[in-house]
Amino acid sequence: MRVLLIGGGGREHALALGLAADPSVDQLVAAPGNPGIAEVAQLRQVDATDPAAVAALAVETEADLVVIGPEAPLVAGVADAVRAKGIPVFGPSAAAARLEGSKAFAKEIMTAAGVPTARAYACAGRDEIERALDEFGAPYVVKDDGLAAGKGVVVTADRAAALAHAERCGRVVVEEYLAGPEVSLFVVTDGETAFPLLPAQDFKRAGDGDTGPNTGGMGAYAPLPWAPPDLVDDVLDRVVRPTLTELRRRGTPFAGLLYVGLALTADGPKVIEFNARFGDPETQVVLALLDSPLGGLLHAAATGTLAAHPPLRWRPGAAVTVVVASAGYPASPRTGDVIDGADAPGIVHAGTARRAEDGALISAGGRVLCATATGPDLAAAREAAYALVDRVTLNGSHHRRDIALAAVEGRVELPDR
Ligand code: AMP
Ligand code: GLY
């Protein structure tokens, strides 16, 4: 099968590695890709958010499957344009991707479907915002209503900071704070049948000990040794199936990757957010453990044939990924610095580029690369991932030193239920 992969970050490099390893994939084209993806795919240039341009590229490359990595093309209707050409596409329609594109829409669907989530108000204007902040109390949670790459959310005990963020955003969602460990559960679905992947945990804050600003994600691990054994079934029953049913009922079925971001609270799992695509960097660890061929799975989801797909197989052990970020990330990432030591297996490229003059590998974004490793257990995977990080040099870079540490040390606590 010929696959066209849209995107060019760490998630897409992990997807490219998985697709290239699938014997049924005999041609892999990525657009725009990055220098890591270039090692396993042919790269093409495209404006990934231009539906007509991506559809034309899918036709030109005779793609049997188009896989869309990031959210912006989905929200822009790229999947719809490709599907209109009769080409199977892994990624939801623009209408279904509103689950990620609008926090207010996601809340509306969850309310209609009876899905447990934080109580919330969509607010505009200072009076409404202040009323919502005071009703819920500290810690305050304020979210930009639109797409913000994980950076539009402020969680703070400082009321003035919460108010200032809300006023910068315009339309916001103010919601109740959910206390409990966070889980990312990915579900591959054709709109009807749902295949859960391994639960993973992401580290959203920039600094060790969950300090500093929110980021797109600074590291991840899977599986979760501390998770309740019925977690996945519980989330399928209480969150995934009702959500898929509600979207089908509205005539906008969700086919693609449903990312369920949860907090495991004293009242059970509650949804923090939905995304309409694979999470980054959780994808790096989840796919490192997936043993079933990735292309076949995504093709089945794209063609509505998941019910006939065999159960997923997983490799034993655990996986850890650590993000190496550029100086100044997330506020004002510096780019153009030379990267050394990024040629080892397990280095996943995110914001990297080749310097025009000499082909040197340089930083080109905030999250520059991820060091991903597997091991027989979480402690071994963690050590291997940090050994990979230590081989990389990038002037001014920073990374968290505590990815997966609390889980290795048995310090992740579930609230009493
Ligand atoms: P989001 O973009 O909605 O995923 O939010 C980014 C991060 O902010 C989440 O991963 C959480 O760490 C935190 N967060 C968002 N909403 C809440 C909430 N209601 N309660 C506690 N933390 C939250
Ligand atoms: N890792 C968080 C996200 O992809 O949104």
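The values are calculated or read from the model by the stated rules, or taken from the named source; none is laboratory data. This one's a predicted model, so the numbers in the text were calculated from it and none came from an experiment. Note that each Cβ is placed from the backbone with ideal geometry, even for glycine, and that neighbours are counted across all protein chains shown.
Laid out as a table, the results:
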| quantity | calculated |
| --- | --- |
| Any helices (runs of 4 or more DSSP H) falling wholly within the stretch 224-301 and containing at least 2 residues that are farther than 13 Å from residue 188 by Cβ, within 16 Å of ligand 2 (Cβ to nearest atom) and touching a residue at least 60 places away in the same chain (Cβ under 8 Å) | 282-289 |
| Search result, residues across the stretch 209-223 that are touching a residue at least 60 places away in the same chain (Cβ under 8 Å), within 16 Å of ligand 2 (Cβ to nearest atom) and assigned to a loop (DSSP other than H, G, I, E, B) | 215, 216, 217, 218 |
| Qualifying positions in the stretch 351-388 - in a helix (DSSP H, G or I) and farther than 19 Å from residue 209 by Cα | 380, 381, 384, 387, 388 |
| Which numbered condition residue 253 misses (of (1) under 18 Å from the mean Cα position of the chain (by Cα); (2) more than 16 Å from ligand 1 (Cβ to nearest atom); (3) under 30 Å from residue 80 (Cβ atoms)) | (1) |
| Residue pairs meeting the criteria (Cβ under 9 Å; at least 6 apart or on separate chains; first farther than 21 Å from residue 54 by Cα, in the stretch 91-109; second part of a loop (DSSP other than H, G, I, E, B) and hydroxyl-bearing (Ser, Thr, Tyr)) | 108/102 |
| Helices (runs of 4 or more DSSP H) contained in the stretch 38-132 and holding at least 3 residues within 22 Å of the chain's Cα centre (by Cα) and within 16 Å of ligand 2 (Cβ to nearest atom) | 71-75, 94-101 |
| Residue identified as small (Gly, Ala, Ser), more than 25 Å from residue 206 (Cβ to Cβ), in contact with a Phe, Trp or Tyr (Cβ under 6 Å, 6 or more places away or on another chain) and surrounded by 20 or more Cβ atoms within 10 Å (Cβ to Cβ) among 162, 132 | 132 |
| Close pairs (9 angstrom Cβ cut-off, 6 or more residues apart or separate chains): among the aromatic types (Phe, Trp, Tyr) and in a strand (DSSP E or B) in the stretch 191-208, modelled with pLDDT of 95 or more and within 16 Å of ligand 2 (Cβ to nearest atom) anywhere | 195/187; 195/188 |
| In the stretch 165-190, residue surrounded by the most Cβ atoms within 10 Å (Cβ to Cβ) [restricted to those that are of a type outside the set (A, V, I, L, M) and in a strand (DSSP E or B)] | 184 |
| Residues satisfying the stated conditions in the stretch 113-129, i.e. surrounded by fewer than 15 Cβ atoms within 10 Å (Cβ to Cβ) and not acidic (Asp, Glu) | 114, 119, 124, 125, 126 |
| Residue among 148, 227, 164 that is modelled with pLDDT of 95 or more and either away from ligand 1 (no atom under 12 Å from the Cβ) or out of contact with any strand residue (DSSP E or B) (no Cβ under 9 Å at 6 or more places or on another chain) (or both) | 227 |
| Given (1) of a type in the set (A, V, I, L, M, F, W, C); (2) touching a residue at least 60 places away in the same chain (Cβ under 8 Å); (3) touching a strand residue (DSSP E or B) at 6+ places or on another chain (Cβ under 6 Å), number of the condition residue 72 does not satisfy | (3) |
| Residue in the stretch 216-230 that is farther than 29 Å from residue 405 by Cα, over 19 Å from the mean Cα position of the chain (by Cα) and acidic (Asp, Glu) present | no |
| Residue match in the stretch 312-334 (condition: buried (at least 24 other Cβ atoms within 10 Å of the Cβ) and assigned to a loop (DSSP other than H, G, I, E, B)) | yes |
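Residues checked against (1) within 14 Å of ligand 1 (Cβ to nearest atom); (2) at pLDDT below 95:
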{"residue": "102", "(1), (2)": "yes, yes"}
{"residue": "126", "(1), (2)": "no, yes"}
{"residue": "140", "(1), (2)": "yes, no"}
{"residue": "143", "(1), (2)": "yes, yes"}
{"residue": "156", "(1), (2)": "yes, yes"}
{"residue": "170", "(1), (2)": "no, yes"}
{"residue": "188", "(1), (2)": "no, no"}
{"residue": "196", "(1), (2)": "no, no"}
{"residue": "201", "(1), (2)": "yes, no"}
